[in-house]
Amino acid sequence: MPMAYQAADYVLPAGLLQALEGAIHLRRPLLLTGEPGTGKTTLADWAAQYLHQKYQGAPFHFRPEPLRFSTKTSSQARDLFYTYDALSHFQAANLKRDGGVQIGDYLELQALGRAIALSQPNPAYQKMVGDDWHDQAQGCVVLIDEIDKAPRDFTNDVLDEIDRQRFLLRETNTELERGKDVPVVVIMTSNSEKNLPDAFLRRCAFFHIEFPAQDDPLLRTIVSKHLGAATGATAQAREELIGFFYDARAASPRKKPATAELLGWLELLEMQNFAAKNAAERKQLQEYNLSFLVKTQEDLEAVRKLL
C-alpha cells in the first residue's frame with residue numbers, strides 16, 4: 001500500500017543534493033525551510049540511505065536510518081545530547097545507602113550525543129547508547145526537527161557543540177568528541193528561518209524547499225512514485241484532480257493542503273475507481289473525500305465552493 005513520503009520514493013528538488021553535499025564538505029548543519037508537507041523531514045531518511053550506500057567500503061559503518069530529535073517549546077540545549085534522570089538516581093541512592101549506584105546508569109544519550117558517541121565507540125558509553133551500540137565506528141544523520149519551536153536560547157546554546165561536534169557530560173565531567181573522519185551530518189528543519197537568530201543562520205548551510213508550481217513536473221513525479229504510473233482515463237482523471245488540488249491551495253484561507261494530503265486523497269479516489277465514474281459521481285466522490293484534502297472547517301467551506 002502506498003505511503004506518503006517513503007524515503008525510497010523521495011524526489012529531491014533541484015539543488016538539494018548539492019546543498020547536502022556542500023554542508024557535509026563544510027561540516028555545517030543543513031537548515032531546511034519550507035511550508036509543511038514539502039518533504040523537509042523525509043530528507044533525513046533519504047540522506048541516511050544515500051550516505052549508507054555512498055560510504056560502503058569506508059573504514060566506518062554509516063547508519064541507514066537517522067537519529068531524530070523532535071524539538072519542543074521546552075527543549076534545552078542539553079536535551080539534544082543527553083538526559084539525566086535525577087529523580088530515579090536520587091531514589092536509588094536512598095535505597096542503596098551502601099553504594100553501588102553509578103550516575104552513568106541514569107544518563108541516556110540523545111540524538112546528537114548518541115551520534116557523537118557512535119562515531120568513536122567506547123565501551124564505557126555502551127549502556128548510555130543502548131541498542132544502537134556497535135563496536136565499529138558509525139557515521140550518522142541527525143535530524144533536529146522543527147528547531148523553530150525551541151526557545152531562542154536553545155539555538156544559541158547549541159551553536160558551539162554543533163560546530164565542534166563535542167559536548168560535556170556535566171554529571172561525570174566527561175567530554176565526548178566526534179571520531180576523526182567519521183561524518184555526523186546534522187539536518188535541521190524549520191517552517192521559517194525568521195524565528196532563528198542571525199548568528200545561528202550564519203553558521204548553517206541553508207536550503208528552502210519551494211512548493212512545486214502547477215506547471216512544474218516535480219509534483220506529478222512524486223505522485224507517480226507513490227501511486228504508480230497512470231495511463232488513459234486514470235491519467236486524465238489524475239491530472240484533473242491535481243488541477244483541483246492547486247485550486248484548493250489557492251482557495252484555502254488557513255492551511256493549504258500539501259503533498260501528503262494530495263497523495264492520500266488521490267489514493268482514496270483511485271481506490272474508489274474515480275476515473276470510471278460519470279461527472280456527477282466524480283463530484284460526489286470529491287466532496288465525500290474532501291476532508292482528507294483540507295483539514296479545517298474554514299478551508300472546507302472555501303474549497304467546497306470550487307466543486
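Once both axes come from the Cα atoms, what is the angle between helix 16-26 and the longest principal axis of the chain, in degrees from 0 to 90, rounded to 10?
Value to nearest ten degrees: 10.
What's the FRET efficiency of N191 with L168 using the Cβ-Cβ distance as r and R₀ = 45 Å, to the nearest 0.05?
Once the sixth-power term is evaluated, E becomes 0.90.
Whole percent per 5 Å bin, from 0 to the bin with the longest distance: what is P(r) over all C-alpha pairs of segment 207-270?
Calculated P(r), rounded to whole percents: 4, 16, 30, 28, 15, 6, 2, 0.
Considering the chain as a Gaussian network with a 10 Å cut-off on Cα pairs, which listed residue, E210, E171, E146, attains the greatest mean-square fluctuation?
E171
Does segment 33-172 come out rounded, prolate or oblate, given a ≥ b ≥ c as the square roots of the eigenvalues of its C-alpha gyration tensor, rounded meaning a/c under 1.5 and, failing that, prolate meaning a/b above b/c? Write out the running numbers ahead of the final one.
Working: a/c = 2.39, a/b = 1.35, b/c = 1.77.
Verdict is oblate for segment 33-172.
Can you count the Lys pairs in segment 148-270 with C-alpha separation below 24 Å, eight or more apart or on different chains?
6
Rounded to the nearest 500, what is the 222 nm mean residue ellipticity of the chain from helices alone, with -39500 (n - 2.57) per DSSP H run of 4+ residues and division by all residues?
Numbers: 12 runs with 128 residues, N = 307.
About -12500 deg cm²/dmol.
Would you please give the FRET efficiency between E240 and K295, computed as 1/(1 + (r/R0)^6) with r the Cβ-Cβ distance and R0 = 25 Å, to the nearest 0.05? Spell out each step's value before the answer.
On the way: r = 22 Å, r/R0 = 0.88.
Once the sixth-power term is evaluated, E becomes 0.70.
Sorted from fewest to most neighbouring beta carbons within 10 Å, what does the list M128, M188 look like? All intermediate terms of the calculation are to be shown ahead of the outcome.
Numbers: M128 21, M188 28.
Fewest-to-most Cβ neighbours within 10 Å comes out as M128, M188.
Among G57, G37, G264, determine the one that fluctuates most according to a GNM of the chain built with springs between C-alpha atoms less than 10 Å apart.
G57
Please give the contour-minus-distance gain from K305 to Q126: 0.36 nm per residue of separation, less the Cα-Cα distance, rounded to one decimal in nm. Mind showing how you got there, number by number?
On the way: separation 179, 0.36 × 179 = 64.44 nm, distance 5.91 nm.
Going from the current span to full extension adds 58.5 nm.
How do C204, C140 rank when sorted from fewest to most other Cβ atoms within 10 Å of their own Cβ? Could the numbers behind the result be given before it?
Details: C204 22, C140 28.
Lowest count first: C204, C140.
To the nearest Å, what is the center-to-center distance of segment 105-149 and segment 209-280, using C-alpha atoms only?
40 Å
So if we plug the beta-carbon distance of Q91 and A213 into 1/(1 + (r/R0)^6) with R0 = 51 Å, what FRET efficiency do we get, rounded to 0.05? Can you show the working numbers first?
On the way: r = 58 Å, r/R0 = 1.14.
So, using R0 = 51 Å, E works out to roughly 0.30.
When a/c reaches 1.5 or more, the comparison of a/b and b/c decides; with that in mind, is segment 219-307 rounded, prolate or oblate per its Cα gyration tensor?
Oblate shape, in that a/c is at least 1.5 and b/c is the bigger or equal ratio.
In nanometres, what is the gap between the two model label sites at Y55 and E108, each 7 Å from Cα along Cα-to-Cβ?
2.5 nm
Quick one: length gained pulling S70 to R27 fully straight, 0.36 nm per residue minus the C-alpha distance? Walk me through the numbers on the way to the answer.
Details: separation 43, 0.36 × 43 = 15.48 nm, distance 2.18 nm.
Length difference between fully extended and current span is 13.3 nm.
From the square roots a ≥ b ≥ c of the eigenvalues of the alpha-carbon gyration tensor of the chain, which class results: rounded (a/c under 1.5), prolate (a/b over b/c), or oblate?
Details: a/c = 2.31, a/b = 2.05, b/c = 1.13.
Prolate, because a/c is 1.5 or more and a/b exceeds b/c.
On average, how much area does the Cα convex hull of segment 141-180 cover when viewed from any direction, in nm²?
Hull-based average projected area comes out at 3.8 nm².
Stokes-Einstein diffusion coefficient for segment 38-78 at 10 °C in a medium of 1.306 mPa s, Rh from the Kirkwood formula over Cα pairs: what value in µm²/s?
Numbers: Rh = 12.0 Å.
Answer from the Stokes-Einstein relation: 132 µm²/s.
Figure the gain on full extension for A14 and E281 (residue separation times 0.36 nm, minus the Cα-Cα span) and round it to one decimal in nm.
Here the segment from A14 to E281 would lengthen by 92.3 nm.
Once both axes come from the Cα atoms, what is the angle between helix 152-164 and the longest principal axis of the chain, in degrees from 0 to 90, rounded to 10?
Computed tilt is about 70 degrees.
Return the distance in nm (one decimal) between the two label points of a simple spin-label model at T231 and M271, each offset 7 Å from Cα along Cα→Cβ.
2.5 nm
A short reminder: the numbers here are calculations on the coordinates, not readings from a lab. As the structure is a prediction and not an experimental result, all values here were calculated from the model. Don't worry about glycine lacking a Cβ; one is built from the backbone with ideal geometry, like all the others, and counts go over all protein chains shown.
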